[in-house]
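Following: one structure in C-alpha coordinates, then a few remarks.
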Amino acid sequence: MTDEKATQRGRRVAIQKLKYLLLLAVLALVSCDGTVYQSFKQVSSSSWSPKDTVSFVYEGVNKPGSGGTALKMSAQVRYNADYKYKNLIMRVETIRIADTLLLSVDTLHCQIYDDSGYRLGSTAGSLYQNVSNDVFIEASPSDTLMLRLSHIMSDESLAGVCDVGLRLTK
(Lines give C-alpha, C1' and ligand atoms only; values in the text may rest on other atoms or scores of the structure.)
Protein backbone atom coordinates (compact mmCIF):
# COMPACT_ATOMS: atom_id res chain seq x y z
CA MET A 1 0.00 0.00 0.00
CA THR A 2 2.91 2.37 0.66
CA ASP A 3 4.21 1.96 -2.90
CA GLU A 4 0.76 2.75 -4.27
CA LYS A 5 0.52 5.95 -2.19
CA ALA A 6 3.99 6.99 -3.31
CA THR A 7 3.02 6.41 -6.95
CA GLN A 8 -0.16 8.47 -6.56
CA ARG A 9 1.77 11.23 -4.83
CA GLY A 10 4.36 11.21 -7.64
CA ARG A 11 1.58 11.54 -10.23
CA ARG A 12 0.04 14.47 -8.36
CA VAL A 13 3.41 16.23 -8.21
CA ALA A 14 3.98 15.57 -11.93
CA ILE A 15 0.52 16.92 -12.80
CA GLN A 16 1.13 20.00 -10.63
CA LYS A 17 4.45 20.66 -12.38
CA LEU A 18 2.76 20.23 -15.76
CA LYS A 19 0.10 22.79 -14.79
CA TYR A 20 2.78 25.31 -13.82
CA LEU A 21 4.67 24.75 -17.07
CA LEU A 22 1.47 25.21 -19.06
CA LEU A 23 0.71 28.43 -17.18
CA LEU A 24 4.21 29.73 -17.88
CA ALA A 25 3.87 28.86 -21.57
CA VAL A 26 0.54 30.72 -21.82
CA LEU A 27 2.02 33.78 -20.08
CA ALA A 28 5.01 33.74 -22.41
CA LEU A 29 2.76 33.62 -25.47
CA VAL A 30 0.57 36.45 -24.22
CA SER A 31 3.54 38.73 -23.60
CA CYS A 32 5.21 37.94 -26.95
CA ASP A 33 3.30 40.54 -28.94
CA GLY A 34 5.57 43.30 -27.58
CA THR A 35 2.79 45.58 -26.31
CA VAL A 36 4.20 48.15 -23.87
CA TYR A 37 1.10 50.37 -23.65
CA GLN A 38 -2.56 50.12 -24.61
CA SER A 39 -5.44 52.27 -23.45
CA PHE A 40 -8.93 53.30 -24.57
CA LYS A 41 -10.82 56.44 -23.65
CA GLN A 42 -14.46 57.28 -24.18
CA VAL A 43 -15.32 60.23 -26.37
CA SER A 44 -18.41 62.40 -26.02
CA SER A 45 -21.62 60.40 -25.75
CA SER A 46 -23.16 61.69 -28.97
CA SER A 47 -20.29 62.52 -31.33
CA TRP A 48 -16.55 63.20 -31.61
CA SER A 49 -15.48 66.76 -32.44
CA PRO A 50 -11.93 67.66 -33.57
CA LYS A 51 -11.81 69.93 -30.53
CA ASP A 52 -12.31 66.87 -28.28
CA THR A 53 -8.66 65.86 -28.19
CA VAL A 54 -8.09 62.62 -26.31
CA SER A 55 -4.83 62.48 -24.34
CA PHE A 56 -2.85 59.44 -23.24
CA VAL A 57 0.26 59.35 -21.06
CA TYR A 58 2.95 56.72 -21.64
CA GLU A 59 5.67 56.38 -19.02
CA GLY A 60 8.82 54.84 -20.51
CA VAL A 61 10.25 51.56 -19.31
CA ASN A 62 13.26 53.35 -17.75
CA LYS A 63 16.00 50.83 -18.49
CA PRO A 64 19.34 52.61 -17.96
CA GLY A 65 21.80 52.38 -20.82
CA SER A 66 19.34 51.01 -23.36
CA GLY A 67 19.44 54.10 -25.58
CA GLY A 68 16.55 55.24 -27.78
CA THR A 69 13.64 52.94 -28.44
CA ALA A 70 11.59 52.76 -31.62
CA LEU A 71 7.94 52.14 -30.78
CA LYS A 72 5.24 51.18 -33.22
CA MET A 73 2.05 53.14 -32.59
CA SER A 74 -1.47 52.45 -33.86
CA ALA A 75 -4.84 53.91 -33.03
CA GLN A 76 -7.92 51.85 -32.34
CA VAL A 77 -11.50 52.98 -32.64
CA ARG A 78 -14.77 51.56 -31.35
CA TYR A 79 -17.89 52.79 -33.07
CA ASN A 80 -21.53 51.89 -33.67
CA ALA A 81 -23.78 51.76 -36.74
CA ASP A 82 -24.24 55.55 -36.64
CA TYR A 83 -20.72 56.04 -38.03
CA LYS A 84 -21.29 56.66 -41.75
CA TYR A 85 -17.83 57.07 -43.29
CA LYS A 86 -15.56 54.64 -45.10
CA ASN A 87 -12.47 55.82 -43.18
CA LEU A 88 -11.41 57.64 -40.06
CA ILE A 89 -8.37 59.91 -40.34
CA MET A 90 -6.70 60.95 -37.09
CA ARG A 91 -3.81 63.16 -36.04
CA VAL A 92 -1.56 62.17 -33.14
CA GLU A 93 0.91 64.52 -31.50
CA THR A 94 3.74 63.02 -29.46
CA ILE A 95 4.99 65.38 -26.75
CA ARG A 96 7.77 64.74 -24.24
CA ILE A 97 6.30 65.90 -20.94
CA ALA A 98 9.59 66.84 -19.22
CA ASP A 99 10.24 69.80 -21.53
CA THR A 100 6.92 69.94 -23.47
CA LEU A 101 8.86 69.30 -26.69
CA LEU A 102 6.70 68.28 -29.64
CA LEU A 103 8.53 65.19 -30.93
CA SER A 104 6.27 64.30 -33.85
CA VAL A 105 2.93 64.81 -35.53
CA ASP A 106 1.60 61.81 -37.42
CA THR A 107 -1.50 60.92 -39.40
CA LEU A 108 -3.23 57.63 -38.72
CA HIS A 109 -5.68 56.10 -41.17
CA CYS A 110 -8.32 53.63 -40.06
CA GLN A 111 -10.26 51.94 -42.84
CA ILE A 112 -13.83 51.14 -41.75
CA TYR A 113 -15.24 49.67 -44.99
CA ASP A 114 -13.49 48.03 -47.92
CA ASP A 115 -14.15 49.06 -51.55
CA SER A 116 -17.06 46.59 -51.76
CA GLY A 117 -18.81 48.17 -48.78
CA TYR A 118 -17.92 45.33 -46.41
CA ARG A 119 -17.35 46.48 -42.82
CA LEU A 120 -13.82 45.66 -41.64
CA GLY A 121 -12.62 44.94 -38.11
CA SER A 122 -14.21 43.00 -35.29
CA THR A 123 -17.60 43.27 -33.64
CA ALA A 124 -19.11 42.68 -30.23
CA GLY A 125 -22.85 43.24 -30.15
CA SER A 126 -23.62 46.68 -31.55
CA LEU A 127 -20.02 47.94 -31.38
CA TYR A 128 -17.32 47.55 -34.01
CA GLN A 129 -13.57 47.92 -33.57
CA ASN A 130 -10.89 48.76 -36.14
CA VAL A 131 -7.15 49.42 -35.99
CA SER A 132 -5.25 52.08 -37.93
CA ASN A 133 -2.03 51.83 -39.85
CA ASP A 134 1.19 51.88 -37.82
CA VAL A 135 3.62 54.77 -37.44
CA PHE A 136 6.94 54.70 -35.61
CA ILE A 137 8.03 57.06 -32.86
CA GLU A 138 11.41 57.34 -31.13
CA ALA A 139 11.60 57.70 -27.39
CA SER A 140 14.17 57.36 -24.68
CA PRO A 141 13.22 54.63 -22.18
CA SER A 142 13.08 57.25 -19.43
CA ASP A 143 10.75 59.59 -21.37
CA THR A 144 7.20 60.19 -20.28
CA LEU A 145 5.15 60.99 -23.37
CA MET A 146 1.81 62.65 -23.88
CA LEU A 147 0.04 61.32 -26.97
CA ARG A 148 -2.80 63.59 -28.14
CA LEU A 149 -5.29 62.09 -30.56
CA SER A 150 -7.95 63.97 -32.56
CA HIS A 151 -9.79 63.37 -35.81
CA ILE A 152 -9.09 65.42 -38.93
CA MET A 153 -12.16 64.52 -40.96
CA SER A 154 -13.94 67.21 -42.96
CA ASP A 155 -17.12 67.01 -40.87
CA GLU A 156 -16.97 68.90 -37.60
CA SER A 157 -18.71 66.20 -35.61
CA LEU A 158 -18.53 62.41 -36.08
CA ALA A 159 -21.58 60.53 -34.85
CA GLY A 160 -21.12 56.93 -33.77
CA VAL A 161 -17.55 57.06 -32.45
CA CYS A 162 -17.64 55.72 -28.88
CA ASP A 163 -14.03 55.08 -27.82
CA VAL A 164 -10.57 55.69 -29.19
CA GLY A 165 -7.36 54.09 -28.05
CA LEU A 166 -3.64 53.94 -28.66
CA ARG A 167 -1.35 50.94 -28.67
CA LEU A 168 2.44 51.02 -28.50
CA THR A 169 4.54 47.96 -29.28
CA LYS A 170 8.26 47.33 -29.53
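The values are calculated or read from the model by the stated rules, or taken from the named source; none is laboratory data. Just so you know, these numbers come straight off a predicted model, no measurement behind them. Here Cβ is always computed from backbone atoms with ideal geometry, including for glycine, and neighbour counts include all displayed protein chains. Please note that ligands, DNA and RNA were not included when accessible areas were found on the heavy atoms of the full protein model with its side chains. Shrake-Rupley method; radii C 1.70, N 1.55, O 1.52, S 1.80 Å.
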Out of the range 74-91, which residues are assigned to a loop (DSSP other than H, G, I, E, B), more than 13 Å from Ser46 (Cα to Cα) and of a type in the set (D, E, K, R)? Lys84, Lys86
Can you name the number of the only condition in (1) within 25 Å of Glu59 (Cα to Cα); (2) touching a residue at least 40 places away in the same chain (Cβ under 8 Å); (3) surrounded by 16 or more Cβ atoms within 10 Å (Cβ to Cβ) that Ser142 fails? (3)
Between a first residue in the range 121-133 that is free of Cβ contacts under 8 Å to residues at least 60 places away in the same chain and a second residue that is of a type in the set (Lys, Arg), which pairs have beta carbons less than 9 Å apart while being 6 or more apart in sequence or on different chains? Ala124/Arg78; Leu127/Arg78; Tyr128/Arg78; Tyr128/Arg119; Gln129/Arg78; Asn130/Arg78; Asn130/Arg119; Val131/Arg167
Subset of the range 116-130 (residues that are open to solvent by 70 Å² or more (accessible area, probe 1.4 Å) and not aliphatic (A, V, I, L, M)): Ser116, Tyr118, Thr123, Gly125, Ser126
For a quick check of your reading of the model, give me the residue pairs whose first member lies in the range 50-69 and is closer than 14 Å to Arg167 by Cα, whose second is open to solvent by 60 Å² or more (accessible area, probe 1.4 Å) and modelled with pLDDT of 90 or more, with beta-carbon atoms closer than 6 Å and at least 6 apart or on different chains. Val54/Lys41; Ser55/Arg148
I'd like to check which strands (runs of 3 or more DSSP E) are fully inside the range 92-170 and have at least 2 residues that are hydroxyl-bearing (Ser, Thr, Tyr). 101-111, 122-124, 144-151
Identify all residues within the range 128-155 that are within 25 Å of Tyr113 (Cα to Cα) and either touching a Cys at 6+ places or on another chain (Cβ under 6 Å) or of a type in the set (A, V, I, L, M) (or both); write none if there are none. Asn130, Val131, Ser132, Val135, Leu149, Ile152, Met153
